[in-house]
Amino acid sequence: MKRRRFGRRKVCKFCADKVDLVDYKDVRRLRTLVSERGKIIPRRISGSCARHQRQLTHAIKRARTVALLPYLATE
């Protein structure tokens, strides 16, 4: 017997705010999409579309390089 999950479809935060390009300097927005351990939250959990998820990953990696975001969580 299969169980069906009827949930609400997640909406991309960036599409809702009409953001064309995800900026690596917007640390407040990027921090919400990184876990406590420093991992990038996947698309199926964050609800962002494929286009913005790719931009998001690129922006987070750039922000880490410029030391705006940490690579690892400090313990």
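Looking only at helices (runs of 4 or more DSSP H) that lie completely in the range 20-75, which have at least 3 residues being surrounded by 13 or more Cβ atoms within 10 Å (Cβ to Cβ)?
So the answer is 27-31, 50-65.
Going through the range 25-75 one residue at a time, which ones are polar (S, T, N, Q) and closer than 16 Å to LYS10 by Cβ?
Once the filter is applied, which keeps residues that are polar (S, T, N, Q) and closer than 16 Å to LYS10 by Cβ, the range 25-75 yields THR32, SER46, SER48, GLN53.
Is it true that VAL11 is among the aliphatic types (A, V, I, L, M), surrounded by fewer than 13 Cβ atoms within 10 Å (Cβ to Cβ), under 13 Å from the mean Cα position of the chain (by Cα) and part of a loop (DSSP other than H, G, I, E, B)?
Taking the combined requirement at face value, the residue satisfies it.
For the range 42-61, enumerate the residues that are at pLDDT below 95 and of a type in the set (Val, Ile, Thr).
Listed by number, the list holds a single entry, ILE45.
Pairs, please: C-beta under 6 Å, at least 6 apart or cross-chain, first residue without any contact (Cβ under 8 Å) to a residue 12 or more places away in the chain and in the range 49-75, second buried (at least 17 other Cβ atoms within 10 Å of the Cβ) and not in a loop (DSSP other than H, G, I, E, B)?
GLN53/ARG43
Select from the range 3-44 the residues that are of a type in the set (Phe, Trp, Tyr) and within 14 Å of LEU69 (Cα to Cα) and list them in ascending order.
Matches in the range 3-44: TYR24 only.
The values are calculated or read from the model by the stated rules, or taken from the named source; none is laboratory data. Please read all numbers here as calculations on a predicted model, not as lab measurements. Note: ideal-geometry Cβ built from the backbone for every residue, glycine included; neighbour counts use all protein chains shown.
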